[in-house]
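K.L.:
Below is the structure I would like to discuss, written out as structure tokens.
The values are calculated or read from the model by the stated rules, or taken from the named source; none is laboratory data. Quick caveat: nothing in here was measured; it's all calculated off a predicted structure. Neighbour counts run over all protein chains shown; Cβ positions are idealised from the backbone, glycine included. Just the protein is used for accessible areas: all its heavy atoms, side chains included, with ligands, DNA and RNA removed. Shrake-Rupley method; radii C 1.70, N 1.55, O 1.52, S 1.80 Å.
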Amino acid sequence: MNATSNMPSAPDFTRDLEIVAPLTPRQIFLRRARRHRGFLFGAGVILVIAALALLAPLLAPHDPYAQNLISRLQPPVWMDRGAWDHPLGTDQLGRDYLSRLFYGAQFSLLIGFTAMVISGFIGTSLGVVAGYFGGRVDLIITFLITARLSMPIVLIALAVAALLGSSLTIVILILGLLLWDRFAVVARSKTMQLRDADYLMSAKALGMPRWRIILTEILPNIMDAVIVVATLEMAHAILLEAALSFLGLGVQPPLPSWGLMIAEGKDFLLFEPWLIMIPGAALLLLVLAINLLGDGLRDISSPEARS
Amino acid sequence: MTVFFFKRLGLAFLVALFVSVLSFFMLRAAGDPAIAMAGEGATAADIEFIREQFGFNRPLLMQYLSWLGNALTGDFGESSYFAKPVSQLISERLPITLGLGVSALIFSILLAVPLGMLAAVNPNSLIDRIALSVSVLGQAMPNFWFALMLIVIFSVWYPVLPASGNAEWRHFVMPTIVLGYYATPAIMRLTRSGMLEVLNADYIRTAHAKGIPASRVLIKHAMRNAILPVVSIASVQFGYMLGGSIIIESIFALHGIGQLAWESISRADLPTVQAIVLILSLIYVGLNFVADLVNAWLDPRIRIA
């Protein structure tokens, strides 16, 4: 911090403050976060969507599974024939679209988050082990990463889901087992950068066992980078889940996944395009928000890495 | 360079072998292929017959070895749904997918490289912001949804493009845009950051100081070096696009290998699925190998590592 604060390029009074009273890392983080528009937007949108998903039973105006064949395909309120009893209209079975959208957010977030945790665990473990031990271990793990990158994941995910029979658990497991590559790449290179750090040397000299060095010295120091990858991979998992559900091999009807809603609306593309526009826009917004949050976290935690 | 060549070739070979093992066993572990192929309402005798006919009753390792041995000679067995040799199906369908992939790659490079360069030359300008939005949006857009939106706009509201089929070039316009846009963010970010790095280099300042016109410095001195990493990411993206074309082809009803994959997956046509997984992986491994060579040829520093 002090190295940069000695040569201010533009009048920036927060820097002067830092010289007077050094800020804690948390204060620096909050200070930068408050000024980062992408981060704020991303965090805000995610909070809103997460709140809607969690509070769906309270907020949804209707039961998301209740069919009403008399009021099928009622358009949203801003179109002709739209009415406030179904603000976003109804689908081909007369189910309230807004309620299905709220409940659908649960699936996107649940699947994206769990798949990310699984792949994050696998990838980070492999990456840290490869980076810390180096040598032959590193060769083998690098080989695994290369092999994983060579496999067409969409195709494999679809084939496995089709053969196993699709369910929520299976979708989560497939995505979790396929999306670990970026975690491994980043954790490996970050660990390699740390390997010769003084505090690792002294931990080793003190006789600290390897697993404790990894858990208490390395992991906390690479966490920033891993969290950034985690956001991007969560977004990736959400997009893949939607694609799987869109093709009928993800979340199964009548559950309201956004990908599935788009697939069901596809048949009415000609006259009722809003049926695909609404869940698609929700998906776009959620993934956009997660990506912006991730980019923001990277800028905030290591501004020098910003290109 | 020769050592480098053979090292990389050996690695590519090992990766290809490993991936073939992995995908074979993964698809086999995912369920009993005989039951899946027999479909609903099949009797135990039907299933036993299929098991016998396709050799599913042999030890898995034997099945793999004979499958790999045949695959090396270009024989992927018979498709259980199309009742044709898988190799014939694939050779019929592959050109369409490759054509789509190539045109998507060209579209994406034509969009990403100029935009990335302009953004790097004028950092934080309007064009930089536009480039950033294009890339952020491209990363967040579900490609199947983008495809449907294009259909709504260009086939329903303003009927200028056909929504499905593969008879003439107009059928390929929307699939190319969707697939190409998918690869754009990565290529553009790399062009921009590569260009920014190069523009700060000493030799660029020297070139300017010598009085060489700015446009010439940009194209002859800067672009040549900035484009280097783009070569390898472009080949990687091409591999991703071939894998991703399964969704696009099923939406636009293009009879390429992606749609073949989709059809064979939904019909539990295991020989075809396995062949396609293997071929796409091989193409990807091959592309990576070529990209490594091109990079090493362009940048001698890589050869030593």
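K.L.:
Is it the case that B:Tyr203 is surrounded by 12 or more Cβ atoms within 10 Å (Cβ to Cβ), in contact with a helix residue (DSSP H, G or I) (Cβ under 7 Å, 6 or more places away or on another chain) and more than 14 Å from every other protein chain (Cβ to nearest Cβ)? Walk me through it before giving the result.
P.N.:
Details: surrounded by 12 or more Cβ atoms within 10 Å (Cβ to Cβ): yes; in contact with a helix residue (DSSP H, G or I) (Cβ under 7 Å, 6 or more places away or on another chain): yes; more than 14 Å from every other protein chain (Cβ to nearest Cβ): yes.
Considered against the rule, which asks whether it is surrounded by 12 or more Cβ atoms within 10 Å (Cβ to Cβ), in contact with a helix residue (DSSP H, G or I) (Cβ under 7 Å, 6 or more places away or on another chain) and more than 14 Å from every other protein chain (Cβ to nearest Cβ), B:Tyr203 comes out as yes.
K.L.:
Oh, and also: Wholly within the stretch A:98-180, which helices (runs of 4 or more DSSP H) include no fewer than the required count, namely at least 3 residues that are within 14 Å of chain B (Cβ to nearest Cβ) and in contact with a Gly (Cβ under 7 Å, 6 or more places away or on another chain)?
P.N.:
Here the list reads A:153-164.
K.L.:
Within the stretch A:195-212, track down each residue that is in a helix (DSSP H, G or I) and without any contact (Cβ under 8 Å) to a residue 40 or more places away in the chain.
P.N.:
Correct list: A:Asp198, A:Tyr199, A:Leu200, A:Met201, A:Ser202, A:Ala203, A:Lys204, A:Ala205, A:Trp211, A:Arg212.
K.L.:
Looking only at residues in the stretch B:140-164 that are part of a loop (DSSP other than H, G, I, E, B) and open to solvent by 20 Å² or more (accessible area, probe 1.4 Å), which one is nearest to the other protein chains (Cβ to nearest Cβ)?
P.N.:
B:Met141
Quick grid of which residues meet (1) open to solvent by 30 Å² or more (accessible area, probe 1.4 Å); (2) not aromatic (Phe, Trp, Tyr):
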residue	(1), (2)
A:Arg32	yes, yes
A:Ala51	yes, yes
A:Ala56	no, yes
A:Trp84	yes, no
A:Thr90	no, yes
A:Tyr97	no, no
A:Arg100	no, yes
A:Phe107	no, no
A:Leu110	yes, yes
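K.L.:
Moving on to the next point. State whether the residues of the stretch A:206-219 include one that is open to solvent by 40 Å² or more (accessible area, probe 1.4 Å), away from every other protein chain (no Cβ under 14 Å) and at positive phi.
P.N.:
Yes: one or more hits.
K.L.:
Could I ask something else about it? Could you please tell me which pairs satisfy a Cβ distance under 6 Å, a separation of 6+ or placement on different chains, a first residue in the stretch B:132-161 that is of a type in the set (Val, Ile, Thr), and a second residue that is open to solvent by less than 20 Å² (accessible area, probe 1.4 Å)?
P.N.:
Between residues of the stretch B:132-161 that are of a type in the set (Val, Ile, Thr) and residues that are open to solvent by less than 20 Å² (accessible area, probe 1.4 Å), the close pairs are B:Val152/A:Pro273.
K.L.:
Follow-up. For residues in the stretch B:166-200 being in a helix (DSSP H, G or I) and among the polar types (S, T, N, Q), which is most open to solvent (accessible area, probe 1.4 Å)?
P.N.:
Top of the filtered list is B:Ser193.
K.L.:
Which residue, of B:Ala291, B:Ala261, B:Ala253, is open to solvent by less than 40 Å² (accessible area, probe 1.4 Å), over 26 Å from B:Leu22 (Cα atoms) and in the same structural domain as B:Ser108 (by TED's automatic domain parsing)?
P.N.:
Selected residue: B:Ala253, the only one of B:Ala291, B:Ala261, B:Ala253 that is open to solvent by less than 40 Å² (accessible area, probe 1.4 Å), over 26 Å from B:Leu22 (Cα atoms) and in the same structural domain as B:Ser108 (by TED's automatic domain parsing).
K.L.:
Among the listed residues B:Ile35, B:Ile50, identify the single one that is outside any loop (DSSP other than H, G, I, E, B), farther than 27 Å from A:Phe143 by Cα and within 13 Å of another protein chain (Cβ to nearest Cβ). Outline the logic, then answer.
P.N.:
Numbers: B:Ile50 fails: within 13 Å of another protein chain (Cβ to nearest Cβ).
Unique residue meeting the criteria: B:Ile35.
K.L.:
What are the pairs, 6+ residues apart or on separate chains, where a residue within the stretch B:271-299 that is touching a residue at least 12 places away in the same chain (Cβ under 8 Å) has its Cβ under 6 Å from a residue that is in a helix (DSSP H, G or I) and open to solvent by 40 Å² or more (accessible area, probe 1.4 Å)?
P.N.:
Short answer, once both residue conditions are applied: B:Phe289/B:Arg8; B:Asp292/B:Arg8; B:Val294/B:Val231; B:Asn295/B:Ile302; B:Ala296/B:Ile302; B:Ala296/B:Arg303.
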